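**Q** Sharing a structure, written as structure tokens. Questions coming.
The values are calculated or read from the model by the stated rules, or taken from the named source; none is laboratory data. Being a predicted model, the structure only gives us computed values, none of them experimental. Methodologically, a virtual Cβ is constructed for each residue, glycine included, from the backbone with ideal geometry; neighbour enumeration extends over all protein chains shown. Ligands, DNA and RNA are stripped out before the accessible areas are found, and what is left, the full protein with its side chains, is counted by its heavy atoms. Shrake-Rupley method; radii C 1.70, N 1.55, O 1.52, S 1.80 Å.
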Amino acid sequence: MTDHSSSIFLEPGSESIQRCASCGVTLAETDGAPSCPACGGLLDVLHPYPADASGLRASAESLKGSFAAHCCGRPMGHPSGVWRFQRVVMPRAGDAVTSHPEGNTPLLSRAALSRYSGCESLLIKHEGHNPTGSFKDRGMTVGVTQAVRIGASAVACASTGNTSAALSAYAAQAGIPGLVFVPAGKVATGKLAQTLAYGARTLMVRGDFDQCLRLVQDAARELGIYLLNSINPWRVEGQKTIVLELLQQLGWDPPEFLVLPAGNLGNTAAFGKALREAKALGLITRVPRLISVQADGAAPFAASFPSFETRGTVQAETLATAIRIGDPASWDRAVRAIRETNGLVISCSDEDIIDAKVAIDAAGVGCEAASAASVAGVKQLVARGVIAPGDRVVAVLTGHVLKDPGMLQWLHQERTDFAGANRPVEIEPTVSAVERVLREARTTA
Ligand code: F0G
């Protein structure tokens, strides 16, 4: 990754701007346009290089010190794992900040998952520990803060479920009406329940996610609603903090590989931007290889890798409903992220994703199916010899196990061909009935 920090950051003391990634048109940071008004391209946020006390470029050491000083337990700390990185996320948010708080998610190591994947030093960054149970909270706290800054009358998104849950919660906190578009019948129960509970108006669209996204973009343009999908550049700013936080947790010593599930490619884009900026700021001296993992039935990005010459779309189908996306919106940004990090794009079968989910659940960690694509991807790459057993790898789990109770019911109570099913046992309220169950357990163990 080359370091052109002057094209990555503005001069210290400037205001952040939004810039079209396609044609270079710039907009003020508080412009609410969902995309470039000139060419329709996606917008990126550019920040000023963080300054030291004398207004000059802050050194890497002082930045690391400042991020550490803003950790939640410290006197100057911020309770949010997003806003303690505010200087490179949204420096001028002022009192518009709408934070749950979020972030500060754990980096776990589990012997069972190292054995399962074949990767001895596998670490798991569990984003399911966010307030609404997915990484989307990190982008949404920044997106909704921007909605407050620009005085948005309403906010909207299309979603496979997690973005809608996050939008609903943060819009409620900010007191802004929320509108979500979800594919009817294709959203996991936990996600839909959250979205309804927090109060967003929920539209069940007779179509898939890709149709929902087109519809919400048209509606936002025509009805003046502020769009909070991950094409919104401020969402990307928030999601960058997954990478900043995990690098900080590793003492700014990056792993060899960073693996994440991929659908609409917003997170792949955010990870690439975070690594580019961390390198330009001198926080790290090399970048990990980014690995985006799609589901076989929803893998247009993987099909286009490595040349990325054609941008294909597919009619997406996968049990991992969160990443059931056939026409990813952040394509170009994600291509840049993969190229700059010498990354890889792969896909895994639904069987392998579910198998990994079962292993993650059984390790006492738990995650929703789409999240497990990262661990399934690690296992595949170890088997292919791309990841060596001793490589340091961080796999991101994007959503909580309770997001999809329907899948758990199917796996453990309904499926007849699943050897690992942990069926509940109905008993009479007697000790002898308990004893009988214990005896059976011993004989089958
Ligand atoms: N994992 C989970 C649990 C997700 O919910 C998503 C996306 C992804 C991975 C993929 O991230 O789209 O940035 O490549 N969920 C979106 C939603 C689409 O509406 O909640 P991506």
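**Q** Which numbered condition trips up VAL187, out of (1) more than 10 Å from the ligand (Cβ to nearest atom); (2) open to solvent by 10 Å² or more (accessible area, probe 1.4 Å)?
**A** Exception for VAL187: condition (1).
**Q** Please go through region 134-166 and give me each residue that is more than 14 Å from GLN239 (Cα to Cα) and within 16 Å of the ligand (Cβ to nearest atom), ordered by number.
**A** The answer is VAL155, ALA156, CYS157, ALA158, SER159, THR160, GLY161, SER164, ALA165.
**Q** Something else now. Among the residues of region 126-138, are any assigned to a strand (DSSP E or B), of a type outside the set (Val, Ile, Thr) and either touching an Asp or Glu at 6+ places or on another chain (Cβ under 8 Å) or at pLDDT 95 or above (or both)? Lay out the reasoning, then the answer.
**A** Taking region 126-138 first, the residues assigned to a strand (DSSP E or B) are 126, 134.
From the residues that got through so far, the ones that are of a type outside the set (Val, Ile, Thr) too are 126, 134.
Okay, now just the ones that are also either touching an Asp or Glu at 6+ places or on another chain (Cβ under 8 Å) or at pLDDT 95 or above (or both), so 126, 134.
Yes, region 126-138 has at least one match.
**Q** Same structure again: Quick one: in region 190-208, of everything that is closer than 17 Å to ILE325 by Cβ and touching a helix residue (DSSP H, G or I) at 6+ places or on another chain (Cβ under 9 Å), which residue is nearest to the ligand (Cβ to nearest atom)? So that I can check it myself, show each step before the final result.
**A** Step one: list which residues in region 190-208 are closer than 17 Å to ILE325 by Cβ, which gives 191, 205, 207-208.
From what's left, touching a helix residue (DSSP H, G or I) at 6+ places or on another chain (Cβ under 9 Å): 191, 205, 207.
Values: LYS191: 8, VAL205: 13, GLY207: 14 Å.
In this case the residue turns out to be LYS191.
**Q** Do we find a residue being in a helix (DSSP H, G or I) and modelled with pLDDT under 95 anywhere in region 232-247? First the steps, then the outcome.
**A** The initial filter retains those residues of region 232-247 that are in a helix (DSSP H, G or I), namely 233-247.
Still in the list and also modelled with pLDDT under 95: none.
No: region 232-247 contains no residue that is in a helix (DSSP H, G or I) and modelled with pLDDT under 95.
**Q** Separate question: Output the helices (runs of 4 or more DSSP H) that fall wholly within region 353-445 and possess 1 or more residues being buried (at least 18 other Cβ atoms within 10 Å of the Cβ) and among the basic types (Lys, Arg), or say none. Let's see the steps before the verdict.
**A** On the way: elements: 373-383, 405-409, 431-444.
Counting at least 1 such residues, we get 373-383.
**Q** Return the residues of region 137-165 that are touching a residue at least 60 places away in the same chain (Cβ under 8 Å), among the hydrophobic types (A, V, I, L, M, F, W, C) and surrounded by fewer than 24 Cβ atoms within 10 Å (Cβ to Cβ); say none if nothing qualifies.
**A** Once the filter is applied, which keeps residues that are touching a residue at least 60 places away in the same chain (Cβ under 8 Å), among the hydrophobic types (A, V, I, L, M, F, W, C) and surrounded by fewer than 24 Cβ atoms within 10 Å (Cβ to Cβ), region 137-165 yields ILE150, ALA152, ALA154.
**Q** Ok, one more. Identify, from the list SER6, SER59, the residue that is more than 24 Å from the chain's Cα centre (by Cα), modelled with pLDDT of 95 or more, farther than 22 Å from PHE271 by Cβ and open to solvent by 20 Å² or more (accessible area, probe 1.4 Å). Reasoning before the result, please.
**A** Working: SER6 fails: modelled with pLDDT of 95 or more.
One residue alone meets the criteria, SER59.
**Q** Would you tally the residues in region 317-344 being out of contact with any strand residue (DSSP E or B) (no Cβ under 6 Å at 6 or more places or on another chain) and either open to solvent by 10 Å² or more (accessible area, probe 1.4 Å) or free of Cβ contacts under 8 Å to residues at least 60 places away in the same chain (or both)?
**A** Final tally of qualifying residues: 13.
**Q** Another question, then. Restricting to region 275-296, what's the tally of residues that are within 16 Å of the ligand (Cβ to nearest atom) and open to solvent by 30 Å² or more (accessible area, probe 1.4 Å)? Spell out the reasoning first.
**A** Start the filter on region 275-296 by keeping residues that are within 16 Å of the ligand (Cβ to nearest atom), which leaves 275, 290-296.
The next check asks that each one be open to solvent by 30 Å² or more (accessible area, probe 1.4 Å); those that pass are 296.
So the answer is 1.
Results for (1) assigned to a loop (DSSP other than H, G, I, E, B); (2) of a type outside the set (D, E, K, R); (3) touching a residue at least 40 places away in the same chain (Cβ under 8 Å); (4) within 16 Å of the ligand (Cβ to nearest atom), shown as yes or no for each residue.
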residue	(1), (2), (3), (4)
LEU258	no, yes, yes, yes
LYS273	no, no, yes, yes
PHE301	no, yes, yes, yes
GLU309	yes, no, no, no
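**Q** Show the residue pairs that are 6+ apart or on different chains and have beta-carbon atoms under 9 Å apart, the first residue being within region 383-409 and within 16 Å of the ligand (Cβ to nearest atom) and among the small types (Gly, Ala, Ser), the second being open to solvent by 30 Å² or more (accessible area, probe 1.4 Å) and part of a helix (DSSP H, G or I).
**A** GLY399/LYS136; GLY406/THR189
**Q** Quick test for you: out of ASP350, ASP417, pick the one residue that is within 16 Å of the ligand (Cβ to nearest atom) and among the acidic types (Asp, Glu).
**A** Going through ASP350, ASP417 in turn, the sole match is ASP350.
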